[in-house]
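See structure below.
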Amino acid sequence: MFRIALIPGDGIGPDIIKQAVKVMKSLEKPGEIEFEFTEVLAGGAAIDKTGHPLPQESLDICLQSDAVLLGAVGGPKWDTLPGDLRPEQALLGLRKALGVFANLRPAVLFPQLKNASPLKEDIIGDGIDVLVVRELIGGIYFGKRGREGDTAYDTESYSVPEVERIARVAFDTARKRRHKVTSVDKANILESSRLWRETVTRIAKDYPDIELNHLYVDNCAMQLIRDPHQFDVIVTSNMFGDILSDEASMLVGSLGMLPSASLGNTKRGFYEPIHGSAPDIAGQDKANPLATILSVAMMLRYSFDLTREADDIEQAVAKVLEDGYRTADIMEPGMKLVGTERMGDLVVEYLKCS
Ligand code: NAD
């Protein structure tokens, strides 16, 4: 029995989580694959009910579960609240409490959605498949910061163990993919980057089957546009990863297609689509649920070792697209427009045929 804490959250969150649950339920096999879902309050919905974005009870349930699946949090209704009481605090609090230090963001361009990419067709080729592994709970976002007179400062700092553990996640993940890791830093300038590079190079000796190369972050930003096919897994610090993963996600077009996983030292992971709560289309059966459904595939692969079922979900999504079904955000002339519910149903139907 896999225990999953579900956080529908705000805006389109409940719409898309419903589809993800539908897909997981369709995979259940009594005595073999069973899921237990516990719905948890977080974000704006939690503020409205309890006054706090991440109530202790919600946190406790997440800590007792095998995986956490989040829709999205936030919206204009809560935008005027002070920083520490805003819905987004729930995300930071959860990541920290769950100890998830590695954020995995695949940028996959399904060949069926080639037109969604801003890149030229000859650069896209047969599609794009890059995985950014971003260090999530260290570096400049968590370093010493302050103001002195008219000066402000933030500190980038990494320890050897922090780099070792993220490097291992990258190498282990590359083993399940195309066996290549690109470590991204700014070692020509930053001391913390020099330590990063030394450490990744040393850890690579434990992975002789993986090809490692290093790139400076400015060069990597260019190369992602010039020739994304040279990349398999990119591993980098918190801030560089924040920027590069957004860049990589734009290469593949729609926000509604992109999943993510955040992992720590245990199998328990935190899974969410990369988009926000899209308040403009909430509750209108317009949201694309595929990023959340693909996040479920990552959950099955990384937290539950259900590799076959994860592959099946990804293939079902590809087939639904191949047969021309599109939500509004990825709609093109000649395709069949469907809503959130129908898209969820289609993935379930195609899964049953796999
Ligand atoms: P957004 O990602 O919610 O929306 C940007 C645009 O993309 C909108 O036009 C929206 O309709 C569209 N879009 C996003 N997801 C879609 C989907 N699945 N299907 C179809 N269209 C989709 O970003 P935003 O508008 O900047 O933020 C809205 C709220 O979400 C804010 O309160 C923000 O703080 C919050 N947010 C939350 C998360 C999270 O929960 N992880 C991440 C980013 C933003």
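Among the residues making up segment 302-332, those that are open to solvent by 40 Å² or more (accessible area, probe 1.4 Å), under 26 Å from G276 (Cα atoms) and of a type outside the set (D, E) are Q315, K319, Y325, A328, M331.
The set of residues in segment 89-98 that are more than 9 Å from the ligand (Cβ to nearest atom) and open to solvent by less than 40 Å² (accessible area, probe 1.4 Å) comprises G93, L94, L98. Once segment 187-208 is narrowed to residues that are exposed (fewer than 13 other Cβ atoms within 10 Å of the Cβ) and in contact (Cβ under 8 Å) with a residue 12 or more places away in the chain, the residue that is farthest from G139 (Cα to Cα) is D206.
When S117 is tested against (1) without any contact (Cβ under 8 Å) to a residue 24 or more places away in the chain; (2) hydroxyl-bearing (S, T, Y); (3) surrounded by 15 or more Cβ atoms within 10 Å (Cβ to Cβ), only condition (1) is not met. Restricting attention to segment 233-246, does a residue exist that is more than 9 Å from the ligand (Cβ to nearest atom), in contact with a Gly (Cβ under 8 Å, 6 or more places away or on another chain), in a helix (DSSP H, G or I) and open to solvent by 10 Å² or more (accessible area, probe 1.4 Å)? Checked against the condition, which is being more than 9 Å from the ligand (Cβ to nearest atom), in contact with a Gly (Cβ under 8 Å, 6 or more places away or on another chain), in a helix (DSSP H, G or I) and open to solvent by 10 Å² or more (accessible area, probe 1.4 Å), segment 233-246 yields at least one hit.
Considering every residue within segment 34-47, establish whether at least one is within 15 Å of the ligand (Cβ to nearest atom), of a type outside the set (S, T, N, Q) and closer than 26 Å to G241 by Cβ. Yes, the conditions are met somewhere in segment 34-47. Of the residues making up segment 133-175, those that are more than 13 Å from M239 (Cβ to Cβ), under 23 Å from the mean Cα position of the chain (by Cα) and open to solvent by less than 40 Å² (accessible area, probe 1.4 Å) are V133, V163, I166, A167, V169, A170, F171, T173, A174.
Whether a residue is away from the ligand (no atom under 16 Å from the Cβ) and touching a helix residue (DSSP H, G or I) at 6+ places or on another chain (Cβ under 7 Å) was assessed, and P279 does not pass this test.
If the condition is being among the β-branched types (V, I, T), within 16 Å of the ligand (Cβ to nearest atom) and not in a helix (DSSP H, G or I), then segment 1-31 contributes I7, I12. Does segment 71-88 contain at least one residue that is within 11 Å of the ligand (Cβ to nearest atom), open to solvent by 30 Å² or more (accessible area, probe 1.4 Å), under 20 Å from the mean Cα position of the chain (by Cα) and farther than 19 Å from T266 by Cβ? For segment 71-88, residues within 11 Å of the ligand (Cβ to nearest atom), open to solvent by 30 Å² or more (accessible area, probe 1.4 Å), under 20 Å from the mean Cα position of the chain (by Cα) and farther than 19 Å from T266 by Cβ: present.
A single member of V130, V100 is in a strand (DSSP E or B) and at pLDDT 95 or above, and it is V130.
The values are calculated or read from the model by the stated rules, or taken from the named source; none is laboratory data. Predicted model, so just to flag it, every value in this text is computed and none were measured. A quick note on method: Cβ atoms are made from the backbone with ideal geometry, for glycine too, and the neighbour counts reach across all protein chains shown. These accessible areas exclude ligands, DNA and RNA; they are computed on the full protein's heavy atoms, side chains included. Shrake-Rupley method; radii C 1.70, N 1.55, O 1.52, S 1.80 Å.
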